[in-house]
Amino acid sequence: MKLQQLRYICEVARHDLNVSATATALFTSQPGISKQIRLLEDELGVEIFARSGKHLTRVTPAGEAILAIAEDMLRKAESIRQVAQEHSDDRRGSLSIATTHTQARYALPDIIEDFMARYPEVSLHMHQGTPMQIAEMAANGTTDFAIATEAMEHFGDLVMMPCYRWNRCILVPKDHPLASTTRPSLEQVAAYPLVTYVFGFTGRSKLDDAFAGKGLTPKVAFTAADADVIKTYVRLGVGVGIVATMAIDPVADSDLVAIDASHLFEPSVTSIGFRKGTYLRNYMYDFIAGLAPHLTRDIVDKAVQCSSRQDVEALFKDIQLPVDSFAK
């Protein structure tokens, strides 16, 4: 049994049993992967994948159990490599982050700039996706960290820690009736078509909860995952925009009017998560602290030791989170 064989079966499962796609992702040959999987199955005496002709059709019951153990072994092998690299050169390595467009475009640039200046020999990789995709990438080890607002609570194998609170603003053209309103009501906002985030993105659930709490069913005319796309369609007059406050650029968006909406919606919390068992190198601790100064090495280690999500929540119960302010 070889680690390479375990990596192959895990990647095949991750690519929906598509051996060709797996070979492309791993920069190797399809026959080579198929051969190694067969050799592993012959050694173990069980089939990991059921087949129809040359095609893999499903993971067998034995395969499900083997894959779970293989994933754990690969994570531990990666931790061994990280420990060795930490002791050989603690300023060289790589860091991969999965996050949403809003976080990548507006929240992270200064943090990443500071980090890269401090660790020029750490290779930084950023992946963007939906909150669910982001959480999955961290949970399966594709990335080291996931930074998002939604969905990560659905993954029990992630250590999640709160970074900061943020709220939203109403965005309209300067000639819109709401442009002169400094404190609009939900009823006033719901009177117009809305342009906002796709459900599951950037705290969208807080918007839906607020309208539902007032018995309102607003017309959502257009949704997007990208705040810049939302602003484009607000400019076209499609509807009233609702975006994260952090997504407003005072210069680039000077043709629009941004109205504080913190009185209308509950604040959301952006969290950073990583899979349990991850070996955190020194520069990883520093990145976390750069994103959220209250997440010191001591606090992060305590969060790792928590046995449940409720214990993690209790750890942060008395910590005052930074707020992304409308006035910023």
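So that you can scan it fast, the table gives a plain yes or no per residue for (1) of a type in the set (A, V, I, L, M, F, W, C); (2) in a helix (DSSP H, G or I):
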position	(1), (2)
VAL257	yes, no
PHE265	yes, no
SER271	no, no
TYR283	no, yes
ASP286	no, yes
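Within the range 255-266, the residues that satisfy the criterion of being open to solvent by 30 Å² or more (accessible area, probe 1.4 Å) and not hydroxyl-bearing (Ser, Thr, Tyr) are ASP255, VAL257, ALA258, ASP260, HIS263, GLU266.
Per-residue answers, yes or no, for (1) modelled with pLDDT of 90 or more; (2) surrounded by 13 or more Cβ atoms within 10 Å (Cβ to Cβ):
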| residue | (1), (2) |
| --- | --- |
| GLU43 | yes, no |
| PHE49 | yes, yes |
| GLY53 | no, no |
| ILE66 | yes, yes |
| MET73 | no, yes |
| LYS76 | no, no |
| ARG81 | no, no |
| GLN85 | no, yes |
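Condition check for LYS214 on (1) open to solvent by less than 50 Å² (accessible area, probe 1.4 Å); (2) touching a helix residue (DSSP H, G or I) at 6+ places or on another chain (Cβ under 7 Å); (3) without any contact (Cβ under 8 Å) to a residue 40 or more places away in the chain: one failure, at (1). Considering the conditions (1) touching a residue at least 24 places away in the same chain (Cβ under 8 Å); (2) more than 13 Å from the chain's Cα centre (by Cα); (3) open to solvent by 60 Å² or more (accessible area, probe 1.4 Å), PRO120 is excluded by exactly one of them, (1). The single condition among (1) at negative phi; (2) open to solvent by 10 Å² or more (accessible area, probe 1.4 Å) that ALA227 does not meet is (2).
Can you work out which of the residues in the range 87-101 that are more than 21 Å from ALA135 (Cβ to Cβ) and assigned to a helix (DSSP H, G or I) is most open to solvent (accessible area, probe 1.4 Å)? Give the derivation first.
First, the residues of the range 87-101 that are more than 21 Å from ALA135 (Cβ to Cβ): 87-93.
Next, only the ones that are assigned to a helix (DSSP H, G or I) stay: 87-88.
Working: HIS87: 149, SER88: 93 Å².
Taking the candidates together, the pick is HIS87.
Taking residues in the range 133-159 that are among the charged types (D, E, K, R) and open to solvent by 40 Å² or more (accessible area, probe 1.4 Å), and partners anywhere that are part of a loop (DSSP other than H, G, I, E, B) and modelled with pLDDT under 80, the pairs with Cβ atoms closer than 8 Å and at least 6 places apart or on different chains are GLU136/PHE155. ILE37 falls short on exactly one of the conditions (1) open to solvent by less than 40 Å² (accessible area, probe 1.4 Å); (2) in contact with an Asp or Glu (Cβ under 7 Å, 6 or more places away or on another chain); (3) hydrophobic (A, V, I, L, M, F, W, C), and that condition is (2). If the requirement is being out of contact with any Phe, Trp or Tyr (no Cβ under 8 Å at 6 or more places or on another chain) and at pLDDT below 90, which of these qualifies: GLN310, GLN305? After applying the criteria, what remains is GLN310. Residue count for the range 267-301 under the criterion of being surrounded by 15 or more Cβ atoms within 10 Å (Cβ to Cβ) and either out of contact with any Lys or Arg (no Cβ under 9 Å at 6 or more places or on another chain) or among the hydroxyl-bearing types (Ser, Thr, Tyr) (or both): the result is 19. Here ARG81 does not fit the description of being of a type outside the set (Val, Ile, Thr) and not in a helix (DSSP H, G or I).
Any idea which residue in the range 5-18 is nearest to THR142 (Cα to Cα), counting only those that are in contact with a Ser or Thr (Cβ under 6 Å, 6 or more places away or on another chain) and open to solvent by 20 Å² or more (accessible area, probe 1.4 Å)?
Here is the first cut: in the range 5-18, the residues in contact with a Ser or Thr (Cβ under 6 Å, 6 or more places away or on another chain) are 11-12, 15.
Subsequent filtering for residues that are open to solvent by 20 Å² or more (accessible area, probe 1.4 Å) retains 11, 15.
Details: GLU11: 11, HIS15: 13 Å.
Step by step, filter the range 5-18, then rank; the result is GLU11.
Residues of the range 162-204 that are touching a residue at least 60 places away in the same chain (Cβ under 8 Å), of a type in the set (D, E, K, R) and open to solvent by 30 Å² or more (accessible area, probe 1.4 Å): ARG165, LYS174, ARG183.
Being part of a strand (DSSP E or B) and either under 30 Å from ARG165 (Cα atoms) or not aromatic (Phe, Trp, Tyr) (or both) is true for just one of ALA50, ALA104. Which residue is that?
On the way: ALA104 fails: part of a strand (DSSP E or B).
Exactly one residue qualifies, and that residue is ALA50.
Among the candidates THR57, THR24, the residue that is free of Cβ contacts under 8 Å to residues at least 24 places away in the same chain and either aromatic (Phe, Trp, Tyr) or out of contact with any Gly (no Cβ under 9 Å at 6 or more places or on another chain) (or both) is uniquely THR24. From the list THR22, THR28, the lone residue that is in a loop (DSSP other than H, G, I, E, B) and surrounded by 13 or more Cβ atoms within 10 Å (Cβ to Cβ) is THR28.
The values are calculated or read from the model by the stated rules, or taken from the named source; none is laboratory data. On a predicted model such as this, the values are computed, not experimentally measured, just so you know. Quick reminder, even Gly has a Cβ in these numbers, built from the backbone with ideal geometry, and neighbours come from all protein chains shown. The area values use the complete protein model at the heavy-atom level, side chains included, leaving out ligands, DNA and RNA. Shrake-Rupley method; radii C 1.70, N 1.55, O 1.52, S 1.80 Å.
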